[in-house]
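Student: To start, I am sharing the structure in question, which I have written as structure tokens.
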Amino acid sequence: MSDTPLSESLATLSRFFVGDGTLEETLTRVSELTVDAVPAAALVGITMIVEGRQRTAVFTDEAAPEIDQAQYDTDEGPCLDAFRHQQVFVIDSTEEEERWPAFCRAALGHGVHSTMSMPLVVDKLSVGAMNLYAREPHAFGPADRDTGAVFASQAAIVLANAQAYWDAYSLSERLGEAMKSRAVIEQAKGMLMATQGCGEDRAFELLVQASQRENVKLRDVARRIVANATERTGPPA
Amino acid sequence: MTAFDPGQQLRVGAQHARWDDTDLWIASVALGSNLDLGDVAAITAGHLDPTRGQYAVIAAALNEHFSASGRNHPVPTWDGL
């Protein structure tokens, strides 16, 4: 493999283990590699859906999210169109471009004269858009577009894997916490079933009634029942 | 007179809590539910009617959440439906 900026960046990308860093660290590294792969790009930002809203999740320069904000405010811009239509959108000159006027004004205000927005697509689903900004007009030629498309296709897989990894990690953490309170509730239910001669559902209803009557959390009622029972019976002989 | 629809109460509760099915499932598991995520999704989608016991634990999960923000157990018990 030749050591072009693209091949070097792709090689680095292929060695990524998404669990080595946080999702944000992974995204930031991907955006930095994009600048290496497409030297015409002075700054890069990645648009993703975060908590139901589009935002520039990571960037290599503070100017990127400020430019992108014009898109989010007006709901119009090349990055949003790249995301929505899964196509590459290039602005050769932000001074002359007639589409997306608010975005072009914001870009010009930050000294950005040309842009390239690429969709990040995995299994036909958009996972985000990568936005490359250049200081010169006509900075992104056909070769840059080809390079960008190849890199974006690989970067999309890394992003999707990172998202999936951290979603699964978060879920396992939350379930771990859930299991901690579940144990004491199960113990309390068992004790109520034994002392009240009732079934599991009725035992749970008794816990709920006590929780609501005393306005304390159900797990705290359960802890008290278990603690009281332990006190009464003492340790095994 | 409103129809007896325990699933509807849970759906509305989850919407008010701004919980998705995963949030609801995890909160229910914490209180002892044996439902899997698919069951919870089926209940909130109206495809599966919860049993009394299933309803009790999901409603309790929602009420625990609401009471933490000062709302006094707005999801009714099964007998209060």
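Student: With all protein chains present, how much of the accessible area of segment A:173-233 (probe radius 1.4 Å) comes from carbon and sulfur, to the nearest whole percent?
Tutor: Roughly 50 percent, rounded to a whole number.
Student: Hey, got the dipole for chain B? About the Cα centre, +1 on K and R Cβ, -1 on D and E Cβ, debye to the nearest 20?
Tutor: 240 debye
Student: Counting helices only, and only those DSSP H runs with n ≥ 4, report the 222 nm mean residue ellipticity of chain A as the sum of -39,500 (n - 2.57) divided by its residues, in deg cm²/dmol to the nearest 500.
Tutor: When only DSSP H runs of four or more count, the value is -20000 deg cm²/dmol.
Student: Could you tell me how far the Cα centroid of segment B:1-45 sits from the Cα centroid of segment A:114-132, in Å?
Tutor: Going from one Cα centre to the other spans 35 Å.
Student: With n ≥ 4 as the cut-off for DSSP H runs, can you work out [θ] at 222 nm for chain B, using -39500 (n - 2.57) per run divided by the number of residues, rounded to the nearest 500?
Tutor: -18000 deg cm²/dmol
Student: Cross-link partners among lysines for residue A:180, C-alpha distance below 27 Å, same-chain residues fewer than 8 apart left out?
Tutor: Those lysines meeting the cut-off are A:189, A:217.
Student: Moving on to the next point. Carbon and sulfur atoms: what percent of the 1.4 Å accessible area of chain B do they account for?
Tutor: After summing per-atom areas, the C and S share lands at 50 percent.
Student: Also, I was wondering about something else. In the calculated pair distance distribution of segment A:173-233, what percentage of Cα-Cα distances lie above 19 Å?
Tutor: When all Cα pairs of segment A:173-233 are counted, 28 percent exceed 19 Å.
Student: Another question about this same structure. Arrange the peptides A:185-197, A:114-126 so that the one whose residues have, on average, the most other Cβ atoms within 10 Å appears first.
Tutor: A:114-126, A:185-197
Student: Return one whole number: the accessible area per residue of the protein assembly as shown in Å², for a 1.4 Å probe.
Tutor: Per-residue value: 52 Å².
Student: Could you report the buried accessible area between B and A, both sides summed, computed with a 1.4 Å probe and given in Å² to the nearest 100?
Tutor: Roughly 1700 Å² of accessible surface disappears when B and A pair.
Student: May I ask for the net charge around residue A:73, where only other residues with Cβ less than 15 Å from the Cβ of residue A:73 are counted and Lys, Arg are +1 while Asp, Glu are -1?
Tutor: -1
Student: Arrange the residues A:104, A:198 by how much accessible surface each exposes, largest first, with a 1.4 angstrom probe.
Tutor: Sorted descending by solvent-accessible area, the residues read A:198, A:104.
Student: Let me ask something else about it. Note down the relative contact order for chain A as a percent, whole number, built from C-alpha pairs under 8 angstrom at least six residues apart.
Tutor: 17 percent
Student: Separate question: Would you check the accessible area of residue A:93, probe 1.4 Å, heavy atoms only, in square angstrom rounded to 10?
Tutor: Only protein atoms counted, so the area is about 10 Å².
Student: So what is the relative contact order of chain B, in percent, for Cα pairs below 8 Å that sit 6 or more residues apart?
Tutor: Value for chain B: 37 percent.
Student: Would you work out if segment A:24-117 is rounded, prolate or oblate? Take a ≥ b ≥ c from the square roots of the eigenvalues of the alpha-carbon gyration tensor; rounded if a/c is under 1.5, else prolate when a/b is larger than b/c, oblate otherwise.
Tutor: Oblate.
Student: Let me know the shape class of chain B, please: from the alpha-carbon gyration tensor, a ≥ b ≥ c as square roots of the eigenvalues, rounded when a/c is under 1.5, otherwise prolate if a/b is greater than b/c, or oblate.
Tutor: rounded
Student: Once you keep just the Cα pairs under 8 angstrom separated by 6 or more residues, what percentage relative contact order results for segment A:173-233?
Tutor: 38 percent
Student: Each label point is 7 Å from the Cα along the Cα-to-Cβ direction; what then is the distance between the points at residue A:24 and residue A:74, in nm?
Tutor: Computed distance between label sites residue A:24 and residue A:74 equals 2.9 nm.
Student: Name the shape class, rounded, prolate or oblate, that the alpha-carbon gyration tensor gives for chain A, where a ≥ b ≥ c are the square roots of its eigenvalues, rounded holds for a/c under 1.5, and otherwise prolate holds if a/b is larger than b/c and oblate otherwise.
Tutor: prolate
The values are calculated or read from the model by the stated rules, or taken from the named source; none is laboratory data. If you're wondering where the values come from, they're calculated on a predicted model, not measured in any experiment. Quick reminder, even Gly has a Cβ in these numbers, built from the backbone with ideal geometry, and neighbours come from all protein chains shown. Only protein heavy atoms, including side chains, enter the accessible area calculation; ligands, DNA and RNA are left aside. Shrake-Rupley method; radii C 1.70, N 1.55, O 1.52, S 1.80 Å.
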